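Written below as structure tokens is the structure these notes are about.
The values are calculated or read from the model by the stated rules, or taken from the named source; none is laboratory data. On a predicted model such as this, the values are computed, not experimentally measured, just so you know. Here the Cβ positions follow ideal geometry from the backbone for every residue, glycine too, while neighbour counts run over all protein chains shown.
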Amino acid sequence: MKRVLVTGATGFIGRHVIAPLVQRGFEVHAVGQTDLADCVMHRCDLLDHAATTQLVRGISPSHLLHLAWYVKPGRYWTATENLDWVAASLNLYRSFTQAGGHRFVGAGTCAEYDWRFSKLKEGDTPYRPDTLYGMAKDTTRRLLDTSARLEGVSFGWGHVFFLYGPGEARARLVSDVVIGCLRGEPVPTTAGTQIRDFMHVQDIASAFAALLDSDVRGAVNIASGEPQPLRTLITAVAEAAGRPDLPHFGARPIAANDPPCLAADVTRLRDEVGFRPVYRLEDGVAATVDWWRGQTPTL
């Protein structure tokens, strides 16, 4: 029996990961703030180490997918809560291995890499995080990877790049553009020349399910492998919303520390995990705009 415990199950990625895990034959136990279908829900403060240990011992999962972290838009890059989540993640891992678990996969970030490099590849691109968030994720990965090697535990780590889709929080690029266009308001942006790799959240969730269900170890980039200028993404969003006239490119300066290009090498994801994304940018953006239209009364 493949029994998985998913943390952060009601977060942006987590709410989309239950279905692909069930499809892969997992009995899914999830920690989250609201109830979800097709899984056993548990309430637990993961920052409470004793409660976490008790929860994991009671479930005795064979697999663990760790998605929970502090990710409040505008704050998480520098928030001291990142330190709490390093400690919580280490405690979660130890509780899992002590309960007999054998496959642990955590959600990392492309911000662990040295962003002076434009092509980011596992094992080749140096790690040199420049934010507290990136440092916290990098530290967690290093500690867990080393411990797993010593203990013989199967450990995977997904470097998440840039994501969008239904359920995204406000105050992020795609959600801000969608909301502005649906309100009929001007959307000031940079020139949009920065190249980024955006992936639909359902593809990201499915990629994590595939990674968990494999024995691929170490870091794996979770991205589409199709980087594009932000201008292309913003234009696609505005056109899907029916207001291609509203983005004002160049109205905001590009920050001095904003890298011109962050492109993911997805060879490991494609060839070792065996995953390819389903959503084309146009389809993913259209589905996202439709979801936001359904939220119109609260915009």
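Are any residues in the stretch 51-70 out of contact with any helix residue (DSSP H, G or I) (no Cβ under 9 Å at 6 or more places or on another chain) and surrounded by fewer than 15 Cβ atoms within 10 Å (Cβ to Cβ), and if so, which ones? Before you say what the answer is, go through the steps one by one.
Filtering the stretch 51-70 down to residues out of contact with any helix residue (DSSP H, G or I) (no Cβ under 9 Å at 6 or more places or on another chain) leaves 51, 58-60, 62.
Selection gives Ala51, Gly58, Ser60.
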Please state which one of Arg43, Arg24 is surrounded by fewer than 18 Cβ atoms within 10 Å (Cβ to Cβ) and without any contact (Cβ under 8 Å) to a residue 24 or more places away in the chain.
-> Arg43
Given (1) at pLDDT below 95; (2) buried (at least 20 other Cβ atoms within 10 Å of the Cβ), number of the condition Phe275 does not satisfy = (1)
Mind checking which helices (runs of 4 or more DSSP H) fall wholly inside the stretch 1-107 and carry at least 3 residues that are of a type in the set (D, E, K, R)?
-> 81-98
Residues being outside the structural domain of Asp283 (by TED's automatic domain parsing), assigned to a helix (DSSP H, G or I), crowded, with 18+ Cβ neighbours inside 10 Å and out of contact with any His (no Cβ under 8 Å at 6 or more places or on another chain): count how many of those fall in the stretch 150-205.
-> 1
How about the stretch 264-283: which of its residues are more than 16 Å from the chain's Cα centre (by Cα) and not in a loop (DSSP other than H, G, I, E, B)?
-> Thr267, Arg268, Arg270, Asp271, Glu272, Val273, Leu281, Glu282, Asp283
Which of the following residues is assigned by TED's automatic domain parsing to the domain that holds Ala263 and polar (S, T, N, Q): Thr131, Thr125, Thr232, Thr146?
-> Thr232
